[in-house]
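The values are calculated or read from the model by the stated rules, or taken from the named source; none is laboratory data. All of these numbers come straight from a predicted model, not from anything done at the bench. Here the Cβ positions follow ideal geometry from the backbone for every residue, glycine too, while neighbour counts run over all protein chains shown. The area values use the complete protein model at the heavy-atom level, side chains included, leaving out ligands, DNA and RNA. Shrake-Rupley method; radii C 1.70, N 1.55, O 1.52, S 1.80 Å.
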Amino acid sequence: MIQYPVALEIIESVAREHRLEYENLVCNPVFGKSYEQLCGRVLAESIASPEEMPPFDNSAMDGFAICADKTANATLERPTRFRVLGTIAAGTRATEAIGFTDKQPVCWEIMTGAPFPSGAFDAVVKIEDVQVIRNDQGQITEILISQPQAKNQFIRPQGEDFKRGDLVLKAGTRMHSGHVMGFAGLGVTDFRVVRKPRIAVLSTGNELCLYNTKNLEPGMIRNSSGPFLETALAHEYSADVQYFGVVSDDADGFLKRLAAIRASSPSPDLIITTGAVSMGKYDFIVEALKRLDAQIYFHKTAIRPGKPALFAKLPSIHEKTRENSPEIPSSLFFGIPGNPVSTAVGLRFLIGPCVRAISGMPVEPPLRVQLAATIEKPTPLRCFMRATLEGPSGGASVLEHQGSAIISSLMHSDGWVVLPEGTGQVTAGSWVDFFRER
Ligand code: AMP
Ligand code: MG
């Protein structure tokens, strides 16, 4: 049995040798290839800003463009009177400066997002902060300002958000809708992204039925870990997932199915099996992998749940039976226990880091939270406990039922508290690592 940090190191160093290739993604509304295709994908090459954002100085408020100095002596009793030169709406071209030859100060009525007039104007005063004077047609002809205004207020300067050449997004980032907002604003449409990982999932267990089984036969249960992996990998890891169903607990049948999975085209980068890696009489995965000459990097990690998980590489196969048949490349392999919560931990803390690493993503940093109550734990194991982030303290409350077959607490948790190996108790108020559920 190895310690969890050692397991992580092994996973990351093996994964670095199996980095996924890059591909191009072009977003173009005309061809129906919207930014939606970007969400969940990992950026392969950093993006620098091609432009400034905003592209021009503009008003942050509906109000009036003024010269702030002219309000220096403004008071309620003696307000400064400005003559209104006209209105600048959003979407109009930048207005040229108008000089201050008039005796009376002048201003422009300006709308939010409208180009700020260059030259002698240097502040926006909000419409709420002025008294407007209208002519008989109801047009604003003058305004009264009754207190000094600050220079540059409510002006959004060109390039305030992004300067040309600024880093917009770093390689290795998994993209989401917030990123889309920036790309769309800057007109960034062409991306180098990491190819989606191809992941095959196979469940083992004589007792497993399809989830749509209405009346369970005695001794049977519905397969919950398989559909969990399939959906989590597709949605939370943006993988191309192929689900290969269930095999019964026998090595020969398993090896046959595994050969079919590997021969599928394109072959998977990663194969995940659930079940049959523990100490039971029918736990055949290790024996089967040995028959394949697989390189087993580790089997059993000092964690709870998920201790029996196994990480291996299946060697490439040169198909000799058919002329010119392509070589089947090597695949990484995770065998994780089938108990639903063990499967979830295997995905979150072993497979997830592997998928990140083959995709060129950095190691995921944990959040740090305070434990709401003291927790007892087995000293040698690192424990991943389902917890909620509730309460006035904002700390993490470990849920009561932590059994590896208890699905309900998985459904109600916000994520995982990590309690380190080497201690039998972590006291209330201690700072611990926390990983969100997904
Ligand atoms: P195993 O990892 O095969 O030793 O199974 C451990 C426990 O998890 C047993 O109670 C199994 O019935 C259960 N189990 C295994 N695979 C699944 C699955 N795909 N869905 C739900 N429970 C499972
Ligand atoms: Mg089993």
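Summarise the accessible area of segment 367-436 (1.4 Å probe, protein heavy atoms) by the percent that is carbon and sulfur. Could the numbers behind the result be given before it?
On the way: 1930 of 3450 Å².
Ligands and nucleic acids excluded, carbon and sulfur give 56 percent.
For a bin width of 10 Å, list the pair-distance distribution of segment 1-152 built from all Cα-Cα distances, rounded to whole %.
Once binned at 10 Å, the Cα pair distances of segment 1-152 give 9, 26, 18, 11, 12, 12, 8, 4, 0.
Tell me, what is the FRET efficiency for residue 279 and residue 26 to the nearest 0.05, using R0 = 41 angstrom and their Cβ-Cβ distance as r? Could the numbers behind the result be given before it?
Working: r = 52 Å, r/R0 = 1.26.
For residue 279 and residue 26, the calculated efficiency is 0.20.
Using every Cα-Cα pair within segment 237-317, state what percent have a distance larger than 14 Å.
Numbers: 2121 of 3240 pairs.
Cα-Cα pairs in segment 237-317 separated by more than 14 Å: 65 percent.
Which distance in Å, rounded to a whole number, links the C-alpha centroids of segment 223-301 and segment 1-74?
35 Å
Considering the convex hull of the alpha carbon atoms of the chain, report its projected area averaged over all viewing directions, in nm², one decimal. Provide the component values of the computation, followed by the final result.
Numbers: hull surface 128.6 nm².
Averaging across all directions leaves 32.2 nm² for the Cα convex hull.
Enter the Cα centre distance for the pair segment 340-357 and segment 368-386, rounded to the nearest angstrom.
19 Å
Given +1 on the Cβ of Lys and Arg, -1 on the Cβ of Asp and Glu, and no further charges, what dipole in debye does segment 58-156 carry about its Cα centre, rounded to the nearest 20? Spell out each step's value before the answer.
Values: 10 positive and 11 negative charges, 26 e Å.
Value, rounded to 20: 120 debye.
Between 318, 235, 176, which gets the highest mean-square fluctuation from a Gaussian network model of the chain, Cα cutoff 10 Å?
Among 318, 235, 176, the largest mean-square fluctuation in the Gaussian network model of the chain belongs to 318.
Using 1/(1 + (r/R0)^6) with R0 = 45 angstrom and r between the beta carbons of residue 94 and residue 411, what's the FRET efficiency to the nearest 0.05?
Working: r = 55 Å, r/R0 = 1.23.
Efficiency at R0 = 45 Å is approximately 0.20.
Between residue 81 and residue 181, how high is the FRET efficiency from 1/(1 + (r/R0)^6) when r is the Cβ-Cβ distance and R₀ = 45 Å? Nearest 0.05. Walk me through the numbers on the way to the answer.
Values: r = 42 Å, r/R0 = 0.92.
So the FRET efficiency works out to roughly 0.60.
Which lysines, if any, have their Cα less than 23 Å from the Cα of residue 170, not counting same-chain residues under 8 positions apart?
Partners within reach: 33, 196.
At 7 Å along the Cα-to-beta-carbon direction for both residue 136 and residue 213, put a label point, then send me their distance in nm to one decimal.
8.9 nm
Within segment 34-98, list the chymotrypsin sites (Phe, Trp or Tyr not before Pro) lying in a DSSP loop whose Cβ has at most 16 other Cβ atoms in a 10 Å radius.
Working: sites: 35, 56, 64, 82; in loops: 56.
Here the chymotrypsin sites (Phe, Trp or Tyr not before Pro) that fit, given the DSSP loop and packing criteria, are 56.
Among 213, 145, 359, whose Cα projects farthest towards the positive end of the dipole of the chain, with charges put on the beta-carbon of Lys, Arg (+1) and Asp, Glu (-1)?
Ranked along the dipole, the leading option is 213.
Dipole size in debye (nearest 20) for the chain around its Cα centre, Lys and Arg Cβ +1, Asp and Glu Cβ -1? Could you put the intermediate results ahead of the total?
Numbers: 44 positive and 48 negative charges, 143 e Å.
Dipole magnitude for the chain comes out near 680 debye.
List the trypsin sites (Lys or Arg not before Pro) within segment 234-290 that fall in a DSSP loop (any state other than H, G, I, E or B) and whose Cβ has at most 12 other Cβ atoms within 10 Å. Write down the numbers at each step before the final one.
Numbers: sites: 256, 257, 262, 281, 290; in loops: 281.
Hits after loop and neighbour filter: 281.
Local charge sum around residue 16 (other residues, Cβ-Cβ under 12 Å, Lys/Arg +1, Asp/Glu -1)?
Working: positive: 19, 356; negative: 9, 12, 17.
For residues surrounding residue 16, the net value is -1.
Leaving out ligands and nucleic acids, and using a 1.4 Å probe, what accessible area per residue does the chain come to in Å²?
Working: 22330 Å² over 438 residues.
That works out to 51 Å² for each residue.
Defining a contact as two alpha carbons under 8 Å apart and six or more residues distant in sequence, what relative contact order in percent does the chain show?
On the way: 962 pairs, mean separation 69.5, N = 438.
The value is 16 percent.
When only C-alpha pairs under 8 Å and at least 6 residues apart count, what is the relative contact order of segment 367-436, in percent?
48 percent
Rounded to the nearest percent, how much of the accessible area of segment 58-156 (1.4 Å probe, protein heavy atoms only) is carbon and sulfur?
Numbers: 2580 of 5440 Å².
Carbon-and-sulfur percentage of accessible area, whole number: 47.
How would you classify segment 367-436 from its alpha-carbon gyration tensor, with a ≥ b ≥ c the square roots of the eigenvalues: rounded for a/c under 1.5, else prolate if a/b is greater than b/c, otherwise oblate? The partial results should precede the final answer.
Details: a/c = 1.71, a/b = 1.06, b/c = 1.61.
Oblate is the answer for segment 367-436, as a/c is 1.5 or above yet b/c matches or exceeds a/b.
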